[in-house]
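Shown next, in structure tokens, is the structure this report addresses.
The values are calculated or read from the model by the stated rules, or taken from the named source; none is laboratory data. Being a predicted model, the structure only gives us computed values, none of them experimental. Using ideal geometry, Cβ is built from the backbone for each residue, glycine included, and neighbour counts are taken over all protein chains shown. Remember, those area values only see protein heavy atoms, side chains included, never the ligands or the DNA or RNA. Shrake-Rupley method; radii C 1.70, N 1.55, O 1.52, S 1.80 Å.
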Amino acid sequence: HKKLITMLQLQGEMNRWVHADWPNQGFAWYRAIWIEASEMLEHYGWKWWKHQQPDLAQVKLEVIDIVHFMLSMELSSGKPIAEIAEKIVADFAAPRATDDIKTSIELLALETLQDKSAHFDIIAGLMHQLEMDFDELYERYVGKNVLNIFRQDHGYKTGEYKKLWDGREDNEYLEDILGVLDVNSGSYREDVYASLSNRYSTIQ
């Protein structure tokens with residue numbers, strides 16, 4: 001529950017970076033979700049006429065991206081964060097999926113298009129099929145979110161920020177950092193940011 005509240009707070013912060021009055025912009029969150037679902041299916045592989053190996057790391061990244069949009073959709077309702085978190089916890093407690101991950105992804109796209117709502121219960125079902133627990137979701141979500149905010153703080157929009165640090169991409173450094181930090185620490189988010197700052201300052 002605490003972790004979900006952190007995620008919701010981070011999402012609100014990130015959205016304010018994009019637009020100060022973001023909840024009133026009429027952003028089509030549902031459209032972003034079903035498009036990302038189709039990208040998830042591409043990464044998993046569905047073409048019967050050619051050999052395809054599922055790229056599970058990319059499939060998981062699409063889950064993270066979709067969760068960003070779903071949290072935004074819930075936040076734009078204007079309801080209190082604690083109430084939103086409770087609803088999402090209940091959804092996670094009742095996962096839904098088909099017997100095949102490909103049709104589970106299609107179920108997510110279908111229901112999102114039908115009611116333009118966030119279906120965390122289907123995300124929970126997909127996570128179960130990907131053997132991805134909530135701690136992994138939280139770790140990857142916070143990592144990606146903090147990196148986005150770090151980029152903005154260091155001149156991403158003005159072009160001053162360098163994504164390559166000593167020849168490696170910043171998200172590779174992020175993976176290293178996530179591998180050593182304690183995901184259950186109360187200061188996890190601050191620890192990720194501080195670790196990024198320390199690494200970034202050594203290559204300047």
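Rolling a 1.4 Å probe across all protein chains gives Thr202 an accessible area of roughly 100 Å². Simple point charges give the picture: +1 on the Cβ of Lys and Arg, -1 on the Cβ of Asp and Glu, and for region 1-97 a dipole about the Cα centre of about 160 debye. Each peptide in 135-145, 44-54 gets a packing score, the mean of other Cβ atoms within 10 Å over its residues, and the list from highest to lowest is 135-145, 44-54.
Taken per residue, the accessible surface of region 1-57 reaches 64 Å², heavy atoms only and a 1.4 Å probe.
Normalised by residue count, region 52-134 yields a Cα convex hull volume of 95 Å³ per residue. Based on Cα contacts under 8 Å between residues 6+ apart, the chain shows a relative contact order of 21 percent. When the Cα positions of Thr98, Asn148, Asn171 are compared along the charge dipole of the chain, Asn148 comes out farthest toward the positive end, with charges on each C-beta of Lys, Arg, Asp and Glu. Of all lysines in the structure, the ones whose alpha carbon falls short of 16 Å from that of Lys3, not counting any fewer than 8 places away in one chain, are Lys87, Lys144.
Taking max minus min of the alpha-carbon positions on each principal axis, the chain gives extents of 49, 46, 32 Å, largest first. Its Cα gyration tensor gives region 159-204 an equivalent ellipsoid, and the semi-axes of that ellipsoid, as √(5λ) in whole Å with the largest first, are 21, 11, 8.
Here is how the number arises for the chain: DSSP H runs of 4 or more residues each give -39500 (n - 2.57), the sum is divided by the residue count, and the result at 222 nm is -22000 deg cm²/dmol. Within the accessible surface of region 101-160, defined with a 1.4 Å probe on protein heavy atoms only, the carbon and sulfur portion equals 47 percent. Cross-link partners of Lys162 among aspartates and glutamates, defined as those whose alpha carbon lies under 15 angstrom from its own and excluding same-chain residues fewer than eight positions apart: Asp153, Asp170, Glu172. Solvent-accessible area assigned to carbon and sulfur over region 1-98 amounts to 57 percent, based on a 1.4 Å probe.
Its residue count N sets the reference 2.2 N^0.38 Å, and the alpha-carbon radius of gyration of region 1-118 equals 1.14 times that reference. Computed over protein heavy atoms with a 1.4 Å probe, the accessible surface of region 76-204 works out to 52 Å² per residue.
By the rule of a C-alpha distance below 20 Å, with chain neighbours fewer than 8 residues away ignored, the aspartates and glutamates paired with Lys79 are Glu13, Asp21, Asp91, Asp115, Asp121.
Who wins for biggest fluctuation among Lys60, Lys87, Lys102 in a Gaussian network model of the chain, springs between alpha carbons below 10 Å? Judging by the Gaussian network model, the answer is Lys87.
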